[in-house]
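Colleague: My questions all concern the structure below.
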Amino acid sequence: MTVTATLLSASREQLKTLALGCGLSDNEWEHLCKVLGRLPSATEIQMIGVMWSEHCSYKNSKPHLRKLISKGKGVLQGPGENAGLIQIDEKRAVAFKVESHNHPSFVEPFQGAATGVGGILRDIFTMGARPIATGNYLRFGDLRTPKHSYLLDGVVSGIAHYGNCIGVPNVAGHISANTCYQGNILVNVFALGIVDLDKIFRSNSAKPGQSVMIWGAKTGRDGIHGASLLASADFDSDKKKTDESENEQKIRVQVGDPFKEKCLMDACLEVMTDLKDDLTAIQDFGAAGLTCSTMEISDKSQIGMRLELSKVPVREEKMEAFELLLSESQERMMAIVKKGSEEKFKKVLHKWGCEAEVIGETTDTKRAQIFYHDELMVDLPVSDLTDPPAVELAEPSWPELSLTSAVPADVKNEWEILLKLLSYPSVASKKRIYERYDSTVGARTVFGPGAEAAVLWIGENAESFEGIAFKGVADEDFYELHPKLGAQISMARAARGLACVGAKPIGITDGINVGNPHLPHVQGALKFMVEGMNEAIEIFETPCVSGNVSMYNQTIFENQPMDIFPTTFIVMVGLMKDVRKSTPSSFQKAGSEVWALEVSGNSENLPVNSLYSRLFWKEEERDGRWPFLDLKSEKRLQNALLAGNDRNLFLSARDISQGGLAVSLAKACVGGEKNFGFEGDLSKTQSRRDQVLFGEHQGRPLVEIDPAKRSELMKLGLEFQIQLKRIGSVTSDETFRIGPLLSGDTIQLLQAWSGTFK
Amino acid sequence: MTSGMTSRTSTRRWAVVQFPGSNCDLDTFKTFQAIAESTGNIEVIMHWHEEPIQKNQYEVIALPGGFSFGDYLRAGAIAKLSAAVQNLEDVVEAGAHLIGICNGFQILLEQKLLPGYLQVNSHLRFISKTENVEIAAEAFPWFSKEDVGAVVRYPIAHRFGNYQLQKIDLAEFHPVLKYQQNPNGSYESTAGIYRKLGKGSLFGLMPHPERAAFEALKLADGLKMFQRAEENLRADRSGSHENAVNA
């Protein structure tokens, strides 16, 4: 039997119309017909439509992503599998990845965000790793508008609902607001797990003559065409996104069941231990469901598959072949197991209340042959069709930076400005939000949300103290200024945050979010962000082992589609030998001294492109200059922080980032369990007041030390060639003073900082 | 002392009952193991919910936190039908000490083994933070007389933690843990309630001492509670053993 038998009356023109409706270009349609040597069937067209969508194929970003440095010490798995892997000791590796769920979350925030968490956790346990932590990185439009306050609440509720139930702690995150996200919010979720080296699973290790099983939930009609039509369509060239009403789009958003996923996770981890020799390959059902799992395992393992769709457990009646193939029903896995072992797997999966059915077998044909009630619906040569034909990319470019000779007046009302900066969404306390996430389940959380970086204890028994840390950063304003600079500053801040808590950076995952890839500046953003990351990766020795690209993030602004600022979340992972030494980020003790560690270098004597300048300078006073950054000195600074941490030199350590020195000091006073005052003297400084207080000169963390350890700190500075500046002292009273520049009550600082998110 | 008696006294079994959807099962297991490693003769068992529990099978039984069966109906409402929790009253009367933490507490309330009920938190949101909790009364084996009055720090993480009572028979039930700053609207800041029953006991609480049981976490107040239970039970066993020999 051949597929042409199923074509019956469909004409070439009808099929082509279907193909274009599924998102294929003219060129892709021709390519498909040529490779097949015949007309594709309607079912095949729908499969290819999803596989070749931007979301699944990365066709518009691959040429850039390929250049990312992904090899390095300890890397066991780079990009291409479900998650990256870096070896952390002689027995174990860490698996981690960040992923986006922007488009579904804008349409249906609760389920969109919830299934985002579900998807990234599946990526981790598919590798054989038990997930031990998640983080979430969110961007909204104006949070004072009802729409975005609704979206924030929906996204947070969705993350809390899924994460709390499944029992993986949510230990870190970041939220900010910018009008560029008014029509397109960002929801990026990170997950990290630990895996034993002898229990790592991949999708590239299946052999012919083995059984193909589907595990987990039953298949329904949810999420069909989510990948091709929600996540891969731009506003003008594909009218689908704008023509469909929001309600019509909602049915393309999947619905998550965290309990089902928890059972699937526990079942998978159980068979990965007890039946590990019988399980040869595994792949989760992500975008495009059964289609992508089938093609990915077949392609990566260089095999074929013969599947019978009527064996798929379903929860809806009369589902058609294309629906079974495209459904994005959550909490499902494809597993390839040795012949004869199927019943053993079923027993464990059934114990956990999961479905487990054999739906076919692997073959040596390198073709995906899919039957429905014995009728051949799909017969595709896998490797020839995994990737779409190369697309012609726009020439990358980025606007020239403009400079101005305007010199804005220095700051006058320092105290009010400090309060305003503290209440700005990206700076303000997110306590009311992260208290809705279970951050301590798992009994591993040393530092949870609110710390400079999250720290998790991964010792195997009560007497071993190894830890793992992570920090995610994306400063969209710097990315918008220049994507290369944005990537470097984000990399530097992530690494500094890790070094502040005492963790040595080992690798990154990147969550890239950009606009319409057909535009030159979006290609430029990709190119420059990769360049920026690579320069930092080389110096910091932090290879990129996994990542995600989300495109077509656009906002309608004055009836025109407007791309979001390029926004790449760098989530950096670090290691520490002894979590008992980890350094907190808020002040600990009255009477201790506060010093700034600073890498030397020329800096503008103006707080250029600081948060302060963006909020308080006139449009014509702002320009394309950026704060000082030097990656090589950053590395020295990281080493100094790590050495100081190892010598128990610091009582607390905190980076100076958005809002500058004043904001960082204020947060250190009121960000801990106990509030402290601060008494500082900067009367000797020659710089402008706004630069001193609010400038964002990079490479300048604050450390709190016992006065008795001053000489040890001097030694550290000399050793690593880091300048030291005494800033002031921690006090037990309620005054916050940076003499002679500003002074006020700490209670006002606390109110300003904690009043934004309620 | 005969060898038979030695083996009887040396087999102390502490169990964690695992339901589908339990998510503090491994944490509680890890904590029990830490106790077992420091004392030797305790065997720690993960007990699947479909298996009934026999009298005298375990010295300590934990119903862990989590979302048993997804808690889509009412927290603990499905788990109370599991075989493992059907005859808990008899098992406790015969001498087992049962601790229900968070979702485990919810299951004990559904079973009506402890009084009262849990509502959604007064601010209607899930809340996750570390709370100061006062030990308000003695509760064998968990808290001894000298522990009373101490303030300990335990994490909380729940949405249905607002513990309400119509009236309480203080002769039978003892509020042994009280929040210093009531985070969820619980009746008289009650964080945990204790009941002596036959030779055993029941202890239900919302905070998570098992998440505060390791030096690595810089939070080990919970470890003290489990250590206290181990010491008290060991002393009790050797005491009753001596009594048996003397008799």
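The values are calculated or read from the model by the stated rules, or taken from the named source; none is laboratory data. Just so we're clear, the structure is a prediction, and the values are computed from it rather than from any experiment. Virtual Cβ from ideal backbone geometry, glycine too; neighbours counted across all protein chains shown. Quick note on the areas: whole protein, heavy atoms, side chains included, nothing else; ligands and nucleic acids left out. Shrake-Rupley method; radii C 1.70, N 1.55, O 1.52, S 1.80 Å.
Colleague: Enumerate the strands (runs of 3 or more DSSP E) found wholly within the stretch A:714-758, keeping only those where 2 or more residues are in the same structural domain as A:Ala668 (by TED's automatic domain parsing) and among the hydrophobic types (A, V, I, L, M, F, W, C).
Modeller: Fully inside the stretch A:714-758 and qualifying: A:723-731, A:735-739.
Colleague: Considering only residues of the stretch B:24-52 that are at negative phi, open to solvent by 10 Å² or more (accessible area, probe 1.4 Å) and assigned to a loop (DSSP other than H, G, I, E, B), which is nearest to the other protein chains (Cβ to nearest Cβ)?
Modeller: The extreme case among them is B:Glu50.
Colleague: Going through the stretch B:75-119 one residue at a time, which ones are in a loop (DSSP other than H, G, I, E, B), open to solvent by less than 30 Å² (accessible area, probe 1.4 Å), farther than 21 Å from B:Arg13 by Cβ and within 13 Å of chain A (Cβ to nearest Cβ)?
Modeller: B:Ala75, B:Cys102
Residue by residue, here is whether (1) crowded, with 20+ Cβ neighbours inside 10 Å; (2) under 24 Å from A:Ser205 (Cα atoms) holds:
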position	(1), (2)
A:Met47	yes, yes
A:Ser53	yes, no
A:Lys73	no, yes
A:Gly80	no, yes
A:Gly84	yes, yes
A:Lys91	no, yes
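Colleague: Could you go through the stretch A:360-382 and let me know if any residue there is in a loop (DSSP other than H, G, I, E, B), over 21 Å from A:Lys207 (Cα atoms), in contact with a Ser or Thr (Cβ under 7 Å, 6 or more places away or on another chain) and in the same structural domain as A:Arg221 (by TED's automatic domain parsing).
Modeller: Checked against the condition, which is being in a loop (DSSP other than H, G, I, E, B), over 21 Å from A:Lys207 (Cα atoms), in contact with a Ser or Thr (Cβ under 7 Å, 6 or more places away or on another chain) and in the same structural domain as A:Arg221 (by TED's automatic domain parsing), the stretch A:360-382 yields at least one hit.
Colleague: If B:Pro64 satisfies all but one of (1) open to solvent by 10 Å² or more (accessible area, probe 1.4 Å); (2) more than 9 Å from chain A (Cβ to nearest Cβ), what's the number of the condition it fails?
Modeller: Only one criterion in (1) open to solvent by 10 Å² or more (accessible area, probe 1.4 Å); (2) more than 9 Å from chain A (Cβ to nearest Cβ) is unmet by B:Pro64, namely (1).
Colleague: Here is a further query. Has the stretch A:653-664 got any residue that is more than 30 Å from A:Asn513 (Cα to Cα), crowded, with 24+ Cβ neighbours inside 10 Å and touching a Phe, Trp or Tyr at 6+ places or on another chain (Cβ under 8 Å)?
Modeller: Yes: the stretch A:653-664 contains one or more residues that are more than 30 Å from A:Asn513 (Cα to Cα), crowded, with 24+ Cβ neighbours inside 10 Å and touching a Phe, Trp or Tyr at 6+ places or on another chain (Cβ under 8 Å).
Colleague: Is the stretch A:712-724 home to any residue that is more than 25 Å from A:Leu749 (Cα to Cα) and either of a type in the set (Val, Ile, Thr) or in contact with a Cys (Cβ under 6 Å, 6 or more places away or on another chain) (or both)?
Modeller: yes
Colleague: Within the group B:Tyr58, B:Tyr72, which residue is over 17 Å from B:Gly204 (Cα atoms) and surrounded by 20 or more Cβ atoms within 10 Å (Cβ to Cβ)?
Modeller: B:Tyr58
Colleague: Could you list, in sequence order, all residues of the stretch A:452-471 that are outside any strand (DSSP E or B), more than 14 Å from chain B (Cβ to nearest Cβ) and open to solvent by 10 Å² or more (accessible area, probe 1.4 Å)?
Modeller: A:Glu452
Colleague: Here is a further query. Could you tell me whether any residue of the stretch A:364-373 is touching a helix residue (DSSP H, G or I) at 6+ places or on another chain (Cβ under 8 Å), open to solvent by 20 Å² or more (accessible area, probe 1.4 Å) and of a type in the set (S, T, N, Q)?
Modeller: The answer is no; no qualifying residue exists.
Colleague: Of the residues that make up the stretch A:138-157, is at least one within 14 Å of another protein chain (Cβ to nearest Cβ), crowded, with 24+ Cβ neighbours inside 10 Å and among the small types (Gly, Ala, Ser)?
Modeller: So far as the stretch A:138-157 goes, no, none of its residues is within 14 Å of another protein chain (Cβ to nearest Cβ), crowded, with 24+ Cβ neighbours inside 10 Å and among the small types (Gly, Ala, Ser).
Colleague: Please indicate, with yes or no, whether at least one residue in the stretch B:149-161 is in contact with a strand residue (DSSP E or B) (Cβ under 6 Å, 6 or more places away or on another chain), open to solvent by 60 Å² or more (accessible area, probe 1.4 Å) and of a type in the set (Phe, Trp, Tyr).
Modeller: So far as the stretch B:149-161 goes, yes, one or more of its residues are in contact with a strand residue (DSSP E or B) (Cβ under 6 Å, 6 or more places away or on another chain), open to solvent by 60 Å² or more (accessible area, probe 1.4 Å) and of a type in the set (Phe, Trp, Tyr).
Colleague: If you check A:Ile417, A:Ile433, which single one turns out to be touching a helix residue (DSSP H, G or I) at 6+ places or on another chain (Cβ under 6 Å), assigned to a helix (DSSP H, G or I) and buried (at least 18 other Cβ atoms within 10 Å of the Cβ)?
Modeller: Exactly one of A:Ile417, A:Ile433 is touching a helix residue (DSSP H, G or I) at 6+ places or on another chain (Cβ under 6 Å), assigned to a helix (DSSP H, G or I) and buried (at least 18 other Cβ atoms within 10 Å of the Cβ), namely A:Ile433.
Colleague: Here's something else I'd like to know. What's the number of the condition A:His174 fails, among (1) crowded, with 24+ Cβ neighbours inside 10 Å; (2) within 17 Å of the chain's Cα centre (by Cα)?
Modeller: (1)
Colleague: Report yes if some residue within the stretch A:265-273 is open to solvent by 10 Å² or more (accessible area, probe 1.4 Å) and under 16 Å from A:Gly360 (Cβ atoms); otherwise report no.
Modeller: no
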